[in-house]
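Asks: I'd like to ask you about the structure that follows.
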Amino acid sequence: MKINIFLILFLSLNVFAQGEKMSNTEAQAFRSEAENTAKSIQNLTTNFTQYKHMTFLSEPIETSGQMVFETPDKLLWKYTKPYSHSIIFKDHKVFINNEGNKSSIDVGNNKTFEQINQLIVGSVSGNLFNDESFSISYLKNSDYNIAVLNPKSNDIIKYISRLELYFDKITAAIVEVKLYEPSEDFTHIVFKNKETNVRLDQNTFTNK
């Protein structure tokens, strides 16, 4: 089993989020808003653009597609440009469809991979603040409220050194995600045209 299956979604950068540290009062208010927003989400559909930066490339690799999330833990990443590729997380498994070549991985019996799976789902839903697996700091700038999560487990740190969640200041919804590994590569994902609690096709999370 290869960890690359998970890192295909996110890579990272060894710089810190730009922002000013929140006061304890500000951080508490932000957490409350973000948690209430996350609790209100039964499902979520959004377009995304992913910018994958690698040290040996002068320009980032840009891909785009659609992401669909359904509570508690179903998640679809469907890449449509410049290629067709989908990854589905559900029932403690990962289902992959690479231009018609299908495969699956059972992560339920591997604690590290299961934590990474939960991390990916939580980063989309915004439901990570009560996870004791991370130390969390809260920042703000003119555009976003930012939660910076550092994993405590050495098993996770081998692959992921830090996660940054960028929240809209008005809606308290996640609009950007960055996840860091111990390298100088990174991926920046931007969500747009987000819809919540809509009727989903029953085959959305089928590896078809």
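The values are calculated or read from the model by the stated rules, or taken from the named source; none is laboratory data. Because the structure is predicted, anything quoted here is derived from the model rather than measured. Note: ideal-geometry Cβ built from the backbone for every residue, glycine included; neighbour counts use all protein chains shown. Calculation scope for accessible area: heavy atoms of the full protein, side chains included, ligands and nucleic acids excluded. Shrake-Rupley method; radii C 1.70, N 1.55, O 1.52, S 1.80 Å.
Asks: Taking a probe of 1.4 angstrom, what is the accessible area of Asp168 in Å², to the nearest 10?
Replies: Taking all protein chains as shown, Asp168 has close to 50 Å².
Asks: Distance cut-off 22 Å, Cα to Cα: go down the list Lys39/Lys192; Lys78/Lys102; Lys21/Lys192; Lys81/Lys192 and report the pairs above it.
Replies: Lys21/Lys192
Asks: Something else now. Could you list, bin by bin from short to long, the percent of Cα-Cα pairs of the chain in 5 Å steps?
Replies: Cα pair-distance distribution for the chain, in percent: 1, 7, 15, 20, 22, 18, 11, 5, 1, 0, 0.
Asks: Along Cα→Cβ, 7 Å out, is where each label goes; now give me the distance between the ones at Asp155 and Lys102 in nm to one decimal.
Replies: Placing both labels 7 Å beyond Cα along the Cβ direction yields 3.0 nm.
Asks: Treating the angle as unsigned and between 0 and 90°, give the value, to the nearest 10°, between the Cα long axis of helix 111-125 and the longest Cα principal axis of the chain.
Replies: Between the helix axis and the principal axis of the chain, the angle is about 70 degrees.
Asks: About the Cα centre of the chain, how large is the charge dipole given +1 on each Lys and Arg Cβ and -1 on each Asp and Glu Cβ? Please answer in debye to the nearest 20.
Replies: Charge dipole of the chain: 340 debye, to the nearest 20.
Asks: Over all distinct Cα pairs, what is the inverse of the mean 1/r for region 104-208, reported as the Kirkwood hydrodynamic radius in Å?
Replies: 15.3
Asks: Starting at the first residue of region 145-153, write each ³J(HN,Hα) from the Karplus equation 6.51 cos²θ - 1.76 cosθ + 1.60 with θ = phi - 60°, in whole Hz, x for Gly and Pro.
Replies: Running phi through 6.51 cos²θ - 1.76 cosθ + 1.60 with θ = phi - 60° gives 9, 10, 10, 10, 10, 10, x, 8, 6 Hz.
Asks: So for the pair Asp201, Phe56, with labels modelled 7 Å out along Cα→Cβ, what separation do we get in nm?
Replies: 3.7
Asks: Whole number in Å², please: accessible area per residue of region 113-163, 1.4 Å probe, ligands, DNA and RNA not counted. Working shown, then result.
Replies: Numbers: 2130 Å² over 51 residues.
That works out to 42 Å² per residue.
Asks: In degrees from 0 to 90, rounded to the nearest 10, what is the angle of the helix 24-39 Cα long axis to the longest principal axis of the chain?
Replies: Rounded to the nearest ten degrees, it is 30.
Asks: Rg and Dmax of region 20-59, Cα atoms, in Å?
Replies: According to the Cα coordinates of region 20-59, Rg and Dmax are 17.0, 43 Å.
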